[in-house]
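Novice: Encoded as C-alpha cells, here's the structure I'll be asking about.
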Amino acid sequence: MKLLYNPQPLDTDAVMLSADLLQLTELLAKNTHNVWAAQRFAEGWQYGKERNDARKEHPCLIPYEELPENEKEYDRRTSVEALRVIQLLGYEIKNVNTKNNTFEFWTKEEFLTYLMLYAANIDGHISAKEQKIMGCKVGEAVFEKMREQFETDSDYESLQNIIAYQNNYLQSENALTDILAEMKNIFFADKVFSEYEQQVLFLVEKLLK
C-alpha cells in the first residue's frame, strides 16, 4: 500500500525580499520560461494557438515579453519562492557586478530616457534646452537618475547597455513596436510633437532596427 504524499514546503511567509531581490524576480521568471521553452522545443513541441498534447503544440511557446500576465505571474511566483527559500536558509545574494548589468534593473521608462539621452548626444553634446525638454516629458526624478547614469558611462558602455537591454527585453517585433509607441506617447504628452522630438525618435528607430 502506497503512503499518502503530504508535501511540507518551507514556510516563507515571514521572509521579506529587498527591493533589489524583487527586481531580480523578473529576470529569474524570464529565465524560468526560457528554460521551459527550450526543453519543450528540444522535445519536438512547437507553438500553437491552443494546447494540443497529441500534436505537441503549446500557446506559451513565445518570448516571455509576449506572455499573458497570468502566465508571467506563474513564473514570478516560482522565482519569488526560490529567493525566499534561499534567504530563509541563511544564504545571501549580492550583485558583485552592478556596473556591467545596470540595464537589467531599469524600468521601461528609464530605458526610454536613456535612449533619448543617447540620441540627443549624437553630436557629442546635450544642450540645456534639450535636457529641459526631456525632463518635462519623463519627470525630473527619472531624468536626473538616467542623466547621471548616462554621464558616468562611456560611449561604448552606453551603446552596450542599449544593445544588451534590446537583446534581453526587446527580442520580438511586437516588443520593439511597443517601446517605440511608448516613446511617442511620452512625446505627445503635451500634445506637441516638435521637430527636435521627431529627430530623436527617428534616431532611436534607426538604432533599434
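Novice: How about region 49-94: which of its residues are aromatic (Phe, Trp, Tyr) and either under 20 Å from the mean Cα position of the chain (by Cα) or assigned to a helix (DSSP H, G or I) (or both)?
Specialist: Filtering region 49-94 down to residues aromatic (Phe, Trp, Tyr) leaves 64, 74, 91.
Residues satisfying the conditions are 64, 74.
Novice: Starting from region 169-186, keep only residues that are modelled with pLDDT under 80, then list their pairs with residues that are assigned to a helix (DSSP H, G or I) and of a type in the set (Gly, Ala, Ser) whose Cβ atoms are within a distance under 7 Å, requiring at least 6 positions of separation or different chains.
Specialist: 169/175
Novice: List, please: which pairs have Cβ atoms under 7 Å, are six or more places apart or on different chains, and start with a residue in region 108-125 that is within 15 Å of residue 199 (Cα to Cα) and end with one that is of a type in the set (Gly, Ala, Ser) and surrounded by 15 or more Cβ atoms within 10 Å (Cβ to Cβ)?
Specialist: Going by the 7 Å Cβ cut-off, the qualifying pairs are 118/158.
Novice: While we're looking at this one, here's another question. Which of the residues that make up region 17-48 are touching a residue at least 60 places away in the same chain (Cβ under 8 Å) and not in a helix (DSSP H, G or I)?
Specialist: 17
Novice: Of all the residues that make up region 52-98, how many are without any contact (Cβ under 8 Å) to a residue 12 or more places away in the chain, exposed (fewer than 15 other Cβ atoms within 10 Å of the Cβ) and among the β-branched types (Val, Ile, Thr)?
Specialist: 2
Novice: Pick from 80, 85, 15: which is among the aliphatic types (A, V, I, L, M) and either within 25 Å of residue 166 (Cβ to Cβ) or at pLDDT below 90 (or both)? Break it down stepwise before answering.
Specialist: Values: 80 fails: either within 25 Å of residue 166 (Cβ to Cβ) or at pLDDT below 90 (or both); 85 fails: either within 25 Å of residue 166 (Cβ to Cβ) or at pLDDT below 90 (or both).
Result: 15 is the single residue among 80, 85, 15 that is among the aliphatic types (A, V, I, L, M) and either within 25 Å of residue 166 (Cβ to Cβ) or at pLDDT below 90 (or both).
Novice: Then there's this: Looking at region 151-162, is at least one residue touching an Asp or Glu at 6+ places or on another chain (Cβ under 7 Å), within 17 Å of residue 105 (Cα to Cα) and in contact (Cβ under 8 Å) with a residue 24 or more places away in the chain? Write out each step before concluding.
Specialist: Of all residues in region 151-162, those touching an Asp or Glu at 6+ places or on another chain (Cβ under 7 Å) come to 161.
Filter once more, so that each one left must be within 17 Å of residue 105 (Cα to Cα): 161.
If we keep only those that are in contact (Cβ under 8 Å) with a residue 24 or more places away in the chain as well, we get 161.
Yes; the residues of region 151-162 include at least one that is touching an Asp or Glu at 6+ places or on another chain (Cβ under 7 Å), within 17 Å of residue 105 (Cα to Cα) and in contact (Cβ under 8 Å) with a residue 24 or more places away in the chain.
Novice: Among the residues of region 124-142, which ones are within 20 Å of residue 159 (Cα to Cα) and modelled with pLDDT of 85 or more?
Specialist: Once the filter is applied, which keeps residues that are within 20 Å of residue 159 (Cα to Cα) and modelled with pLDDT of 85 or more, region 124-142 yields only 142.
The values are calculated or read from the model by the stated rules, or taken from the named source; none is laboratory data. Everything numeric here is computed off the predicted structure, so don't read it as measured data. Every residue, glycine among them, receives a Cβ derived from its backbone with ideal geometry; neighbour counts consider all protein chains shown.
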